[in-house]
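Peer 1: Mind looking over this structure? Questions follow.
The values are calculated or read from the model by the stated rules, or taken from the named source; none is laboratory data. Keep in mind that what you see is a predicted model, and the values were worked out from it rather than measured. Please note: Cβ atoms are built from the backbone with ideal geometry, for glycine as well, and neighbour counts cover all protein chains shown. The protein model used for the area step is the full one, side chains on, heavy atoms only, and it has no ligands, DNA or RNA in it. Shrake-Rupley method; radii C 1.70, N 1.55, O 1.52, S 1.80 Å.
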Amino acid sequence: PLVAWAFNVGTDHDIAFSEWNGESWDETEFLTATAADEVDPRLHVDAQGVAHQVWWETGPVERIWLTSRPAGEESWNPAVAVIEGGRRPTVASDGVAVCIAFERHAPAGGQEIVLATGQSDGTFALQVVARTSRNEALDSLLHVEGGRIWLDWKNSEATLAYSVLGEGGWSSPASVAWADETWVGEEIARRLIRSSVLQP
């Protein structure tokens, strides 16, 4: 198991990481040590064993950062600021491209879910997947499993929505009921989405 968290250093948060070595957790490793407030790290290990990690930096300009660790190695690559104006990122890779989904304010109000797909030149191509009137955290999650890629998020106070990537692009968002706002209720709704995607 791998774990990352926003470590409260008193004046801000830094991104911390640790790995289970079979008997105990390794000593905490700090991936950041700046005066900026860095929060909400997300981890993904792809089928080739490469670990990818994203987080965002709060402040007047919100920035999303990305780092990776090659399979079989212990050191993380230097973190790179890849997106400005986004928050609460999630990351996944199908072994070909690294994809980052994040939320940002929509021009007409509410928020939108944006997918950033890594390109061969190191840049990211942006695509708006969905929009919602919800102003609270959307907590989107990007998934790669069973040859399928999908994205789910908190769409309203009563529903979680999801979209699936297919040959024609991203599907129109569908939704499931989300009556229990605890993390247990959220997990149940996300598992229902997973079942719908993997066993349509």
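Peer 1: Quick check: at a probe of 1.4 Å, how many percent of the accessible area of the chain sits on carbon and sulfur atoms?
Peer 2: 50 percent
Peer 1: Just to be sure I understand the model, the point goes 7 Å from the Cα along the line to the Cβ. What's the resulting A106 to A137 distance in nm?
Peer 2: Each label point lies 7 Å from its Cα, and together they span 2.1 nm.
Peer 1: Here is a follow-up. How far, in nm, would the chain grow between S120 and N8 when pulled straight, counting 0.36 nm per residue and subtracting the alpha carbon separation?
Peer 2: 36.7 nm
Peer 1: Related question: For E167 and F30 in one chain, what is 0.36 nm times their gap in residues minus the Cα-Cα distance, to one decimal in nm?
Peer 2: On the way: separation 137, 0.36 × 137 = 49.32 nm, distance 3.97 nm.
So the extension gain works out to 45.3 nm.
Peer 1: Moving to a separate point now. Angle between the Cα long axis of helix 183-198 and the longest principal axis of the chain, 0 to 90 degrees, nearest 10?
Peer 2: The answer is roughly 70 degrees.
Peer 1: Cut-off 10 angstrom, C-alpha nodes, Gaussian network model of the chain. Which of R87, R148, R63 fluctuates the most?
Peer 2: R148
Peer 1: Measuring with a 1.4 Å probe in the full set of protein chains, what accessible area per residue, in whole Å², belongs to the chain?
Peer 2: Details: 10600 Å² over 200 residues.
Accessible surface, normalised per residue, equals 53 Å².
Peer 1: Please work out the Cα center distance from region 29-99 to region 115-141, rounded to the nearest Å.
Peer 2: Computed from Cα coordinates, the inter-centre distance equals 14 Å.
Peer 1: How big is the accessible area of H52 in square angstrom, nearest 10, if you roll a 1.4 angstrom probe over the protein chains?
Peer 2: The accessible area of H52 comes to roughly 10 Å².
Peer 1: Return the distance in nm (one decimal) between the two label points of a simple spin-label model at A97 and S175, each offset 7 Å from Cα along Cα→Cβ.
Peer 2: Between A97 and S175, the label points sit 2.8 nm apart.
Peer 1: Still on this structure, I have one more. Efficiency by 1/(1 + (r/R0)^6): what FRET value for S75 and A158, r their Cβ-Cβ distance, R0 = 30 Å, to the nearest 0.05? Don't skip to the answer; put the middle values down first.
Peer 2: Numbers: r = 45 Å, r/R0 = 1.49.
E(calc), rounded to 0.05, equals 0.10.
Peer 1: Quick one: which residues, 5 or more positions from A36 or on another chain, have an amide H under 5 Å from its amide H? H modelled 1.01 Å from N in the peptide plane, none for Pro or chain starts.
Peer 2: none
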